[in-house]
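Note sheet for the following structure.
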Amino acid sequence: MKAVYLMLNQCSLSVTDKCLIAEVWCPTRDLVTLQQTPNESSLRSGAGVGTVVHRIPSRESPPTLIRTNRFTASFQGIVDAYGVGCYQEVNPAPYTIITFPFLFAVMFGDVGHGLLMFLFALAMVLGENRPSMKASQNEIWRTFFGGRYLLLLMGAFSIYTGFIYNECFSRATAIFPSGWSIRAMVNQSDWSSEFLAHHPVLTLDPNVTGVFLGPYPFGIDPIWSLAINHLSFLNSYKMKMSVILGILHMAFGVVLGVFNHIHFGQWHRLLLEFVPEVLFLGGLFGYLVFMIVYKWLAFSVASSAEAPSVLIHFINMFLFSQSPTNRPLYPHQVPVQTFLVVLALVSVPVLLLGTPLYLCSQHHRKRRLGRQQRKKTAFCWATEDSPSLNGAQEQEAWGAQEGQSHVGPTRTFSKFCGPFANACEFSYVPSFPPSCITAGEGRFWGRLVPMPPAELSEVLWVMVMRIGLGMSRELGMASLVLVPVFAAFAVLTVAILLVMEGLSAFLHALRLHWVEFQNKFYTGTGYKLSPFTFEVEQSAL
């Protein structure tokens, strides 16, 4: 009853004071339902006057309504945590369903850990209709239960990336035969007993015939887990992978901004923002991706010792220099790099000042046209022998237009700051070399290279399970020892790796999605539609 009176108090009286007028927002899809429901209520209540529904024009920005279900609610919540989208703005939630779990899995790739997360989420999904799960008042449980489908995809993607990294609780699995053969190295070398006694560490040379049999069918070859340069190999692999994924993720966000510009008719932003962003991103970091892929394709095992360093070339690119000890990747590389750097530097002023200057010119043009229109109107009044207006009367007569002229600079300043801040963020230089990847992609790179879950899992295996497995080989003693050892290993794995490291990877993926992807096309300055209802919302459960 209080809710009914609260809504009625927000209505306004008609001119005859005999009915109430309510102005509300309604989705177009539900407009027919809105028209039918009050009429049915009037007939049931026996009211003498029916309800009339009209569509009225409005210059206000409409609220945003995104219809969700159990599956998409958690992904839409990630987007809305950044900000509610403007009306008819591109919604990042459909793309978040894939990109967010994948970014998380890249930083959390492990078959064992991903399987545990997947099974935990699957249990919540299968039992989502049970009253005991919905009625729980534990805040942590409700958080996990609300994002059960998100956890399900995060676990599934982590299993996939874990197979690529070939890690299951930090242990490599030999699903397929290794592509490296020691027999060929032994047959073609002088590995005598004296040589092996003085050389405990040996190197497999893939350039020797028969040593490298072919690439591993899927993922990383398990023989790398035995190599002493295992970490160096994975660091190089994950570093290049993070750069490629980061650039593609950012480029996709920039491309999505085109749909916003076209839909809202902001054609100037295509020329003054999209084109400079593509030139800056593609000229610098698209070229970096090109060098990485070109080096993979151009150099074989036989010429790997002569392969140049991509990082040195990238640094020399900004210094406009060439290292004599670092051979070029391809002919005429220096002129191409010089042209790309100059092109990127030229695009920065356009990106920073193009849209603000355009908005300022449009604002001054509108003010000039307004003044000319007022002069014409005043001239017409004077020729009709109308009494002249003094300063106060003139200000009153043109109050609305003058008020708009006073408000205009404030609005223009806010529109100026938005593109300028976006341009500064896009071309921000946090370190050398210059990077539009900003701090977020740098953390992505840093998060991938050490791979904390894998390293911590390795520490737990070496310091806990391996000690327990090697304490006693007697059947009875081994069973007694392994029970508490495995219990400690399981508790530490869940508490440290699944919860703490999972939360850390989640926060990193969240920031990457907001700053490096969503920020390129999504303003998030709208407001949600709050429909009138007496039903108790279940917070997307």
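The values are calculated or read from the model by the stated rules, or taken from the named source; none is laboratory data. This one's a predicted model, so the numbers in the text were calculated from it and none came from an experiment. Cβ placement follows ideal geometry from the backbone for every residue including glycine, while neighbour counts extend to all protein chains displayed. Heads up: the accessible areas ignore ligands, DNA and RNA and are worked out on the full protein's heavy atoms, side chains in. Shrake-Rupley method; radii C 1.70, N 1.55, O 1.52, S 1.80 Å.
Things to note:
- Residue within the range 227-236 that is assigned to a helix (DSSP H, G or I) and closer than 30 Å to N519 by Cα present: yes
- Just one of (1) under 24 Å from A227 (Cα atoms); (2) modelled with pLDDT of 90 or more; (3) open to solvent by 80 Å² or more (accessible area, probe 1.4 Å) fails for I164. It is (3).
- From the options V125, V52, V32, residue that is part of a helix (DSSP H, G or I), under 20 Å from F532 (Cα atoms) and hydrophobic (A, V, I, L, M, F, W, C): V32
- Listed by first and then second residue, the pairs with beta-carbon distance under 6 Å, at least 6 apart or on different chains, first residue in the range 302-316 and touching a residue at least 24 places away in the same chain (Cβ under 8 Å), second of a type in the set (A, V, I, L, M, F, W, C), are F314/L288.
- Restricting the range 79-123 to residues that are β-branched (V, I, T) and open to solvent by 10 Å² or more (accessible area, probe 1.4 Å), the residue that is nearest to G257 (Cα to Cα) is V90.
- Inside the range 85-122, residues that are out of contact with any Phe, Trp or Tyr (no Cβ under 6 Å at 6 or more places or on another chain) and not in a helix (DSSP H, G or I) make up a count of 8.
- So G253, is it open to solvent by less than 50 Å² (accessible area, probe 1.4 Å) and within 30 Å of L359 (Cα to Cα): yes
- Screening L369 on (1) surrounded by fewer than 12 Cβ atoms within 10 Å (Cβ to Cβ); (2) of a type in the set (A, V, I, L, M, F, W, C); (3) in a loop (DSSP other than H, G, I, E, B) shows it passes everything except condition (3).
- Failed item, numbered, when L43 is tested on (1) open to solvent by 100 Å² or more (accessible area, probe 1.4 Å); (2) assigned to a loop (DSSP other than H, G, I, E, B); (3) not charged (D, E, K, R): (2)
- Residues within the range 482-522 that are among the polar types (S, T, N, Q) and within 16 Å of M107 (Cβ to Cβ), tallied: 1
- Residue satisfying all of: in the range 167-184; buried (at least 18 other Cβ atoms within 10 Å of the Cβ) and modelled with pLDDT of 80 or more; nearest to Y237 (Cα to Cα) among these: E167
- Applying the condition of being within 27 Å of the chain's Cα centre (by Cα) and open to solvent by less than 30 Å² (accessible area, probe 1.4 Å) to the range 213-243 and asking which residue is farthest from V201 (Cα to Cα) yields V243.
- Residue among F339, F285, F320 that alone is out of contact with any Phe, Trp or Tyr (no Cβ under 9 Å at 6 or more places or on another chain) and modelled with pLDDT of 90 or more: F339
- Total residues in the range 329-363, condition surrounded by 12 or more Cβ atoms within 10 Å (Cβ to Cβ) and over 30 Å from F299 (Cα atoms): 18
- Complete set of residues in the range 480-531 that are more than 14 Å from the chain's Cα centre (by Cα), of a type in the set (S, T, Y) and open to solvent by less than 60 Å² (accessible area, probe 1.4 Å): T493, S504
- Residue check, V111 under 18 Å from G502 (Cβ atoms), in contact with a Cys (Cβ under 8 Å, 6 or more places away or on another chain) and in contact (Cβ under 8 Å) with a residue 60 or more places away in the chain: yes
- Looking only at residues in the range 249-269 that are in contact (Cβ under 8 Å) with a residue 12 or more places away in the chain and aliphatic (A, V, I, L, M), the one that is nearest to P92 (Cα to Cα) is L256.
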